[in-house]
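Here the structure comes first, spelled out in structure tokens, and everything after it is commentary.
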Amino acid sequence: MEDPELEKRRRARALNIIKHWRLLDDEFMKRCFKDNIPAVECILRIIMRMPTLRVIKLTVEDTVSTLSGHAVRLDVHARDADNTEYDIEVQRNKEGAGQKRARYNSSLLDLNSLKKGESYDKLPESYVIFITENDLLGHRLPLYHVDRMIRELNDTFDDGSHMIYVNGAYDGDDDVGRLMNDFRSTSPETMYYAPLREVMDRYKNNPVEVSAMCDELEKWREEERREGHTEGVIETFKNLVKDGTLTIETAAKKMGVSVADFRKMAML
């Protein structure tokens with residue numbers, strides 16, 4: 001039976017994590033936006049400067065596969081009433097929001113957009129939107145719109161694909177500044193926009209939702225502990241094989257896997 005004091009400490013740690021979670025935090029953001037069309041509409045209407053934009057399809061953590069097998073999971077994949085597609089990525093780390101990542105995600109939006117035999121002209125407009133914790137491009141702008149250009153004409157090459165970087169550190173007294181305030185907020189009391197404030201209140205102050213998140217956090221920690229233990233065991237057996245103490249067949253048998261699988265796991 002688990003020590004009640006240990007369980008109490010674990011629950012206190014989980015509650016502290018939840019207390020400080022923001023929409024800029026990946027796991028919390030995805031929970032808040034799942035099946036939440038009003039919240040995603042609110043965000044897109046501000047970033048796109050389209051107050052009547054209407055989202056008709058929404059998928060959180062949408063996995064898009066490719067022929068090469070390099071699948072990508074889109075944080076928030078949405079489509080509006082004009083058939084424009086959006087990939088909204090919330091990234092705290094610079095490495096996750098690089099230009100090549102934006103390019104790759106843009107190509108994935110196109111990948112499944114056409115049915116067999118359809119003309120390329122049927123490709124919908126698409127936007128990859130990165131909301132980053134800091135000013136990734138460094139010019140103190142609220143938004144950075146990235147489009148293809150014809151250099152010699154200094155004119156746009158309008159192929160329908162667009163990228164937008166949103167500066168999460170921006171704190172101007174305008175719609176984008178207020179939106180970024182809401183993404184940085186840890187409490188609904190400091191938020192401006194009702195759809196975001198309401199979902200924040202639900203997951204911060206509803207005892208049922210808070211309890212469910214505490215349980216999930218404990219499950220994640222347990223999985224991480226198990227993965228860490230497994231990695232340690234693999235490393236131990238790998239070293240025993242390398243120094244000749246065990247044959248690779250014996251090591252694989254002790255791990256309960258095939259020799260081929262052990263070779264892959266131990267990278268031998």
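The values are calculated or read from the model by the stated rules, or taken from the named source; none is laboratory data. On a predicted model such as this, the values are computed, not experimentally measured, just so you know. Cβ placement follows ideal geometry from the backbone for every residue including glycine, while neighbour counts extend to all protein chains displayed.
Test Val72 against the stated conditions and say whether it is surrounded by 15 or more Cβ atoms within 10 Å (Cβ to Cβ) and at pLDDT below 85.
Spelling it out, Val72 is indeed surrounded by 15 or more Cβ atoms within 10 Å (Cβ to Cβ) and at pLDDT below 85.
What are the residues in region 121-139 that are of a type outside the set (A, V, I, L, M), touching a residue at least 12 places away in the same chain (Cβ under 8 Å) and more than 16 Å from Ile47 (Cα to Cα), if any?
Pro124, Asn134
Determine which member of the set His77, His20 is surrounded by fewer than 17 Cβ atoms within 10 Å (Cβ to Cβ) and either in contact with a strand residue (DSSP E or B) (Cβ under 9 Å, 6 or more places away or on another chain) or at pLDDT 85 or above (or both). Outline the logic, then answer.
Values: His77 fails: surrounded by fewer than 17 Cβ atoms within 10 Å (Cβ to Cβ).
Only one candidate passes the filter, namely His20.
Got at least one residue in region 71-83 being part of a loop (DSSP other than H, G, I, E, B) and of a type outside the set (A, V, I, L, M)? Working first, answer last.
Kept after step one, since they are part of a loop (DSSP other than H, G, I, E, B), are these residues of region 71-83: 71, 81-83.
Narrowing further to those that are of a type outside the set (A, V, I, L, M): 82-83.
Within region 71-83, one or more residues are part of a loop (DSSP other than H, G, I, E, B) and of a type outside the set (A, V, I, L, M).
Mind listing whichever residues of region 30-43 are at negative phi and out of contact with any Asp or Glu (no Cβ under 7 Å at 6 or more places or on another chain)?
Arg31, Cys32, Phe33, Lys34, Asn36, Ile37, Pro38, Ala39, Val40, Glu41, Cys42, Ile43
Return the only residue of Asp174, Asp147, Asp159 being more than 22 Å from Asp26 (Cβ to Cβ), of a type in the set (D, E, K, R) and in contact with a Lys or Arg (Cβ under 8 Å, 6 or more places away or on another chain).
Going through Asp174, Asp147, Asp159 in turn, the sole match is Asp159.
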